[in-house]
Amino acid sequence: MPPLQGKHALVTGAHRGIGAACAIALAEAGARVACADIRMPEATLARIKGNNPKRGHFGVMVDVSDEASVDTLFATVREGMGDLDILVHCAGVIHEKPLLDTPAEDFDRVLGINLRGTFLVGREAIRMMQGREGRVILTASDLAYHGRETFSPYVASKHGVMGLARSWAKEFAPHILVNALCPGPIDTEMLGTANMTPEWRARELDIPLARFGQPEEIAEMAVFLAGPQARYITGQGLGVNGGSVMP
């Protein structure tokens, strides 16, 4: 039997990249998946439904930084699924700009999506999981550990995500396990690998495994954390990063 057979999962940021890979992998592992994004994740749903046409997977549009939009998301999830076992929260943005050129509006936008969005979505997911076993999987970054110049709002937001993961892991143990994925350089549109200069590419690849990770490699860790073999793991930042950080 697939390890997540009969489980209900919500994946945010499911339109592309890591979120899309996680949604597809959870469905392949047997879960029924609600795919959420700022735009309707039609391509992801098409791939999932192509392999699993009868399991009731569906899509929802959401702005994770907006509380009313998040409330609507969870009303839709309750109507469509009834309950929730797994959250994989991948919605986020990246931001690179020197600090002295960064207006407060940019900081507010990055923190609004990456950190406030994690708070809003995580809070409502945990609310739905009350009285049952649950898995909450957030998305931080290897940069939450070592920082990077010209990325300070992004790094601050991912430090905050780790703080939420650790706090919620303590608050909701033992029934709800909360962990964070900490990807290194992953070959996605958001990172912009296709448009990197040779110098930037060399910098990103200056890690022990000397390559970009693939979204599917992050998704495999998400499936593991959602499954029965991860029942003694909570409050952790799991580095799927090619050795970029060794905490």
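The values are calculated or read from the model by the stated rules, or taken from the named source; none is laboratory data. These numbers were taken from a predicted model, which means no experiment stands behind them. So basically every Cβ, Gly included, is an ideal-geometry build from the backbone, and we count neighbours across all protein chains shown. Please note that ligands, DNA and RNA were not included when accessible areas were found on the heavy atoms of the full protein model with its side chains. Shrake-Rupley method; radii C 1.70, N 1.55, O 1.52, S 1.80 Å.
Computed with a 1.4 Å probe over protein heavy atoms only, the accessible area of Leu205 comes to about 50 Å².
Principal semi-axes of the equivalent ellipsoid, √(5λ) from the alpha carbon gyration tensor of the range 183-247, are 27, 13, 8 Å from largest down. Among the GluC sites (Glu not before Pro) found in the range 110-169, those both in a DSSP coil and sparsely packed, with 11 or fewer other Cβ atoms within 10 Å of their Cβ, are Glu149.
For the chain, the carbon plus sulfur part of the accessible surface works out to 53%, probe radius 1.4 Å. The alpha carbons of the range 168-207 stretch over 47, 20, 10 Å along the principal axes, in descending order.
Would you kindly calculate the translational diffusion coefficient of the range 1-62, applying Stokes-Einstein with the Kirkwood radius from alpha carbon pairs, for 4 °C and a viscosity of 1.567 mPa s, and quote it in µm² s⁻¹ without decimals? The calculation lands on 118 µm²/s. Counting Lys and Arg as +1 and Asp and Glu as -1 over every other residue whose Cβ lies under 12 Å from the Cβ of Gln5, the net charge comes to +1. What is the percent of Cα-Cα separations in the chain that go past 23 Å? It works out to 46 percent of all Cα pairs. When the residues Thr197, Thr12, Thr76 are ordered by accessible surface, computed with a 1.4 Å probe over the protein chains alone, the sequence from largest down reads Thr197, Thr76, Thr12. Taking every protein chain into account, the accessible area of the chain amounts to 47 square angstrom per residue (probe 1.4 Å).
Each 5 Å bin from zero holds the following percent of Cα-Cα pairs in the range 1-133: 2, 11, 21, 22, 18, 11, 7, 4, 3, 1, 0. Helix 117-129 and the longest principal axis of the C-alpha atoms of the chain enclose an angle of approximately 20°. Each Lys and Arg contributes +1 and each Asp and Glu -1, all at the Cβ; summed about the Cα centre of the range 118-161, the dipole is approximately 180 debye. The lysines within cross-link reach of Lys49, meaning a Cα-to-Cα straight distance under 29 Å and a gap of 8 or more places when in the same chain, are Lys7.
Take the range 30-93, drop everything but the C-alpha atoms, weight them equally and run the Debye formula without solvent; then report log10 I(q)/I(0) at 0.16 Å⁻¹ to two decimals. Log-scaled intensity ratios, in q order: -0.52. Using only side-chain charges placed at the Cβ, +1 for Lys and Arg and -1 for Asp and Glu, the dipole size of the chain relative to its Cα centre rounds to 780 debye.
For the range 147-247, the set of trypsin sites (Lys or Arg not before Pro) satisfying both a DSSP loop assignment and a count of at most 15 other C-beta atoms within 10 Å is given as Arg148, Arg211, Arg231. Near Glu28, once Lys and Arg are set to +1 and Asp and Glu to -1 for all other residues with Cβ below 14 Å from its Cβ, the sum equals +3. Modelled label positions at Arg203 and Ala173, each set 7 Å beyond Cα in the direction of Cβ, lie 3.8 nm from each other. Evaluated on the range 135-204, the Kirkwood hydrodynamic radius is 13.5 Å, with distances taken between all distinct Cα atoms. Normalising the average separation of contacting C-alpha pairs (under 8 angstrom, six or more residues apart) by the number of residues puts the relative contact order of the chain at 20 percent. Computed from the C-alpha gyration tensor, the three semi-axes of the ellipsoid equivalent to the range 71-127 are 31, 10, 8 Å, from longest to shortest. The spacing between the range 106-136 and the range 154-183, judged by their C-alpha centroids, is 10 Å. The residue among Ala29, Thr102, Ala140 whose Cα reaches farthest toward the positive pole of the charge dipole of the chain, with charges on the beta-carbon of Lys, Arg, Asp and Glu, is Ala29.
Normalised by the number of residues in the range 1-100, the average gap of Cα pairs under 8 Å and 6 or more apart makes the relative contact order 32 percent.
Cα convex hull, the range 83-201: 108 Å³ per residue, rounded to a whole number.
In the range 201-246, Cα pairs under 8 Å separated by at least six residues give a relative contact order of 51 percent. Remark: the Arg132-Arg211 segment gains 24.5 nm on full extension, using 0.36 nm per residue and subtracting the alpha carbon distance.
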